[in-house]
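Reading through the structure tokens given below for one structure.
Just so it is clear, none of the values below were taken in a lab; they were calculated from the coordinates. The model shown is predicted, which means the values in this text are computed figures rather than measured ones. Positions of Cβ are generated from backbone atoms using ideal geometry, with glycine treated the same way; all protein chains shown enter the neighbour counts.
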Amino acid sequence: METPLDQYPPDWPEISRHIRFERAGGRCECRGECGHAHPGGRCNAPHGLLVYRNRPQPWLWQREPEEGFYPVRIILTTAHLDHNRQRNDDANLRALCQYCHLNHDRLHGAALRRQRAIEAGQLELDLPKSCRAMPGD
């Protein structure tokens, strides 16, 4: 889901850089916000490194290739824990790798897409009376 940059404050690049590289040290800070338990309690995936993930448990990563694992370059992002792009205090921001960030946003994004579809009239059905369920059916 693309997000217009005007929904972020003008100093967002600096805020994001501070969270990802100064506070997080260039490593994913996910402690389960993605919905998965990480070994050691934190994902810790390093930004820019090519790692290997497996399909049954893609939140797990390792540095060496193995049968059933696929290569992924880690991209560290900055997530708003409450999904409010105007709340940019350190407590509401977390450096997350792309996998953890996408999963953190997954349910919230689905709810937003559904609400937008309802507002656009895309989920409303205008059925003739003959097609509507009758009470007691």
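Yes or no: the range 49-70 includes at least one residue that is of a type in the set (Val, Ile, Thr) and out of contact with any Phe, Trp or Tyr (no Cβ under 9 Å at 6 or more places or on another chain). Looking through the range 49-70, none of the residues is of a type in the set (Val, Ile, Thr) and out of contact with any Phe, Trp or Tyr (no Cβ under 9 Å at 6 or more places or on another chain).
Of the strands (runs of 3 or more DSSP E) that lie entirely inside the range 1-97, those containing 2 or more residues that are over 22 Å from LEU107 (Cα atoms) and not acidic (Asp, Glu) span 50-54, 69-73. If I filter the range 46-66 for residues that are touching a helix residue (DSSP H, G or I) at 6+ places or on another chain (Cβ under 9 Å), among the polar types (S, T, N, Q) and free of Cβ contacts under 8 Å to residues at least 60 places away in the same chain, do I get at least one hit? No, the range 46-66 has no match at all.
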